[in-house]
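S.K.: Input: one structure, supplied below.
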């Protein structure tokens with residue numbers, strides 16, 4: 001029987017979402033696999049555990065948590081032969097939507113073990129920060145940076161929504177410039193996608209392909225609440241791409257330049273302040289994609 005190590009982030013969903021260990025062990029056993037539970041103890045520990053799994057030549061490493069946990073695991077697995085299996089345990093787990101993985105953990109485990117391996121392209125910033133999904137600067141990064149820990153811990157998506165109302169009511173929203181292929185644009189929001197999905201199953205950057213090298217930038221060049229609030233609410237339907245002042249551009253490198261108090265986020269977590277440059281790379285991460293998913297080869 002093969003062994004499947006599972007990284008567990010006990011802080012996922014603010015510590016409110018422990019993995020259903022018994023059902024996952026039963027699902028794994030039905031596929032001829034036994035489970036080992038590897039619990040993280042601090043930020044960055046998932047990267048160390050993932051690197052250990054790669055060194056020890058495990059063919060698959062599972063991660064229970066959200067996109068932050070998947071990002072940490074990817075740092076340890078990049079350019080190795082160990083594939084990442086996603087178990088949705090975070091507030092949103094956007095990468096699960098991107099790869100067409102079922103939301104129920106035991107179904108997710110079965111579907112990926114029966115699925116196929118694909119090499120996902122990765123992106124980085126000029127600060128050597130890796131991202132799988134996207135880099136974004138705008139009201140969303142302000143919301144995440146200013147989100148009070150208690151509101152995130154107990155409120156989940158509702159807490160983020162409350163903070164969004166607060167930020168949209170503020171008088172000052174971000175302004176910065178976006179530089180792509182030698183051209184410059186003034187912007188109030190920029191999403192640089194390595195994948196299609198944003199904040200859930202929503203097509204924030206639908207032209208981005210995580211299995212091809214390259215990025216897609218969606219830039220809102222208009223400013224003020226009358227521009228950013230409709231843009232925010234149009235993302236779930238994809239109508240944000242047709243709004244006035246919105247540009248959609250393929251790119252390999254996108255530089256965001258602005259005041260040092262403008263934050264940016266990576267894969268749904270605050271990551272720093274401008275300026276920052278996002279770049280497509282030749283680095284890859286093996287992932288498991290369920291058969292029948294739109295991301296199956």
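S.K.: Inside the range 205-225, can you point out the residues that are modelled with pLDDT under 95 and under 11 Å from residue 173 (Cβ atoms)?
M.R.: 223, 224, 225
S.K.: Then there is this: For residue 194, all conditions in the list (1) crowded, with 24+ Cβ neighbours inside 10 Å; (2) more than 14 Å from the chain's Cα centre (by Cα); (3) touching a residue at least 60 places away in the same chain (Cβ under 8 Å) hold save one; what is the number of the exception?
M.R.: Unmet for residue 194, out of (1) crowded, with 24+ Cβ neighbours inside 10 Å; (2) more than 14 Å from the chain's Cα centre (by Cα); (3) touching a residue at least 60 places away in the same chain (Cβ under 8 Å): (2).
S.K.: Now for a separate question. Here is a list: 95, 77, 84, 122. Which entry is touching a helix residue (DSSP H, G or I) at 6+ places or on another chain (Cβ under 9 Å) and not assigned by TED's automatic domain parsing to the domain that holds residue 49?
M.R.: Selected residue: 122, the only one of 95, 77, 84, 122 that is touching a helix residue (DSSP H, G or I) at 6+ places or on another chain (Cβ under 9 Å) and not assigned by TED's automatic domain parsing to the domain that holds residue 49.
S.K.: Only residues that are in a helix (DSSP H, G or I) and touching a residue at least 40 places away in the same chain (Cβ under 8 Å): list them for the range 45-77, please.
M.R.: 49, 50, 53, 67, 68, 69, 70, 71, 73, 74, 75, 77, listed by residue number.
S.K.: Please state which one of 95, 84 is in contact with a strand residue (DSSP E or B) (Cβ under 9 Å, 6 or more places away or on another chain), part of a strand (DSSP E or B) and closer than 22 Å to residue 215 by Cα.
M.R.: Only one candidate passes the filter, namely 84.
S.K.: While we're here: Considering only the range 276-297, I want to know if a residue exists there that is over 12 Å from residue 194 (Cα atoms) and free of Cβ contacts under 8 Å to residues at least 40 places away in the same chain.
M.R.: no
S.K.: Is it the case that the range 54-66 has a residue that's touching a helix residue (DSSP H, G or I) at 6+ places or on another chain (Cβ under 7 Å), modelled with pLDDT under 95 and surrounded by 20 or more Cβ atoms within 10 Å (Cβ to Cβ)?
M.R.: Looking for residues that are touching a helix residue (DSSP H, G or I) at 6+ places or on another chain (Cβ under 7 Å), modelled with pLDDT under 95 and surrounded by 20 or more Cβ atoms within 10 Å (Cβ to Cβ), one finds at least one in the range 54-66, hence yes.
Every residue, every condition in (1) buried (at least 22 other Cβ atoms within 10 Å of the Cβ); (2) under 14 Å from the mean Cα position of the chain (by Cα); (3) at pLDDT below 95, yes or no:
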position	(1), (2), (3)
86	yes, yes, no
93	yes, yes, yes
96	yes, yes, no
99	yes, yes, no
102	no, no, no
107	no, no, no
114	no, no, no
124	no, yes, no
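S.K.: Return yes when residue 269 is within 25 Å of residue 54 (Cβ to Cβ) and modelled with pLDDT under 95 and no when it is not.
M.R.: Yes, satisfied.
Quick grid of which residues meet (1) in contact with a strand residue (DSSP E or B) (Cβ under 7 Å, 6 or more places away or on another chain); (2) outside the structural domain of residue 135 (by TED's automatic domain parsing); (3) crowded, with 18+ Cβ neighbours inside 10 Å:
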residue: 184; (1), (2), (3): yes, no, no
residue: 189; (1), (2), (3): yes, no, yes
residue: 214; (1), (2), (3): yes, no, no
residue: 225; (1), (2), (3): no, no, no
residue: 229; (1), (2), (3): no, no, no
residue: 248; (1), (2), (3): yes, no, no
residue: 252; (1), (2), (3): yes, no, no
residue: 266; (1), (2), (3): yes, no, yes
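S.K.: Please give the number of the condition residue 279 fails out of (1) part of a loop (DSSP other than H, G, I, E, B); (2) surrounded by 14 or more Cβ atoms within 10 Å (Cβ to Cβ).
M.R.: (1)
S.K.: Something else now. Could you tell me whether any residue of the range 13-23 is at pLDDT below 95, surrounded by 20 or more Cβ atoms within 10 Å (Cβ to Cβ) and under 24 Å from residue 134 (Cα atoms)?
M.R.: no
S.K.: Tell me which residues, restricted to the range 24-44, are surrounded by fewer than 16 Cβ atoms within 10 Å (Cβ to Cβ) and without any contact (Cβ under 8 Å) to a residue 60 or more places away in the chain.
M.R.: The answer is 29, 32, 34, 36, 37, 39, 41, 42, 43, 44.
Matching residues to (1) farther than 21 Å from residue 129 by Cα; (2) under 14 Å from the mean Cα position of the chain (by Cα):
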site: 35; (1), (2): yes, no
site: 51; (1), (2): no, no
site: 67; (1), (2): no, yes
site: 80; (1), (2): no, no
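The values are calculated or read from the model by the stated rules, or taken from the named source; none is laboratory data. Note that the structure is a prediction, hence the values are computed from the model and not measured. Using ideal geometry, Cβ is built from the backbone for each residue, glycine included, and neighbour counts are taken over all protein chains shown.
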